[in-house]
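The values are calculated or read from the model by the stated rules, or taken from the named source; none is laboratory data. Keep in mind it's a predicted model, so treat the numbers as computed, not measured. Note that each Cβ is placed from the backbone with ideal geometry, even for glycine, and that neighbours are counted across all protein chains shown.
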Amino acid sequence: MDRAKRGPYAKGKARRKEILKAALNIVAKEGFDQTTLSKISKAVGISDVAVLHYFGTMDDLLVEVLKQRDTDDMAAATSSLPDMVSQMIQLIAHPEQSIKQVMQIVRRNSQTPGLVELYAHMSVRASDPTSPAYRYFKQRGKVERFVVGSAAKKVIDKEHLDTELSPEEMARVMQALLDGLQIQWLIDRDIDMADIAEKAIKLMWNQPQSTNESKDTSDEIL
């Protein structure tokens, strides 16, 4: 690609990144309900039409905001690694750490209620197969279940646990638990999502929450 072509491409990529950063900050600080296309365009200093030129629709932009949040969450959980591929490789290689990192992400997200609101809203939009939210949640769910399911399988095999739930089913229970807790937290901010999630995992393993005589196997992944 010659210099003439690289110039406009690099400029467009930088502008897209700038819009995405502005949108994420507005959602995080002001809340989903207060986020408008006009606020985003003003924050970047361009028109509403120009914003949509880069992202297509407002829903496309909001899905990209969620993707960026996921990227930031992953980077925060695996801060020593430079890129998403390396981060995923680490999680696959050391799946016992994946649940700990999920809990860290839950705690981190509770500091940005606007992004939790956005996630809850777009998860409803995902019921429409034509929505960009559908594709996002479909792919995100597969990755999440793979990572969490790998952690569950490792503990089940290592500890010879007797459970009727398969690793895949455990991962889906975790997804349902965390998504449901986010909805409840939006209604009642006194809820400690991470604390409840940790206790629920211990119940899934059917182990005592504290004992001096026996090892709490849930600690293998918490």
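Quick look at the numbers
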| quantity | calculated |
| --- | --- |
| Number of the condition not met by Ile156 [criteria: (1) out of contact with any Asp or Glu (no Cβ under 7 Å at 6 or more places or on another chain); (2) within 30 Å of Thr36 (Cβ to Cβ)] | (2) |
| Hits in the range 10-60 - residues which are without any contact (Cβ under 8 Å) to a residue 40 or more places away in the chain, in contact with a Ser or Thr (Cβ under 9 Å, 6 or more places away or on another chain) and charged (D, E, K, R) | Asp48 |
| Which numbered condition Asp128 misses (of (1) modelled with pLDDT under 95; (2) assigned to a loop (DSSP other than H, G, I, E, B)) | (1) |
| Residue identified as part of a helix (DSSP H, G or I), at pLDDT below 90, over 30 Å from Ile196 (Cβ atoms) and not assigned by TED's automatic domain parsing to the domain that holds Leu181 among Lys17, Lys39, Lys11 | Lys11 |
| Ser150 being of a type in the set (S, T, N, Q), over 20 Å from Glu64 (Cα atoms) and crowded, with 16+ Cβ neighbours inside 10 Å | yes |
| Any hit, the range 160-172, residues being assigned to a helix (DSSP H, G or I), in contact with a helix residue (DSSP H, G or I) (Cβ under 9 Å, 6 or more places away or on another chain), surrounded by 16 or more Cβ atoms within 10 Å (Cβ to Cβ) and modelled with pLDDT of 90 or more | yes |
| Matching residues, the range 127-153, being under 15 Å from Glu169 (Cβ atoms) and of a type in the set (Gly, Ala, Ser) | Gly141, Gly149, Ser150, Ala151, Ala152 |
| Residue identified as among the acidic types (Asp, Glu), modelled with pLDDT under 95 and within 27 Å of Ser131 (Cα to Cα) among Asp60, Asp73 | Asp73 |
| Conditions (1) of a type in the set (Asp, Glu); (2) closer than 25 Å to Asp60 by Cβ; (3) touching a residue at least 12 places away in the same chain (Cβ under 8 Å); number of the one not met by Asp128 | (3) |
| Restricting the range 173-197 to residues that are in a loop (DSSP other than H, G, I, E, B) and charged (D, E, K, R), the residue that is surrounded by the fewest Cβ atoms within 10 Å (Cβ to Cβ) | Asp190 |
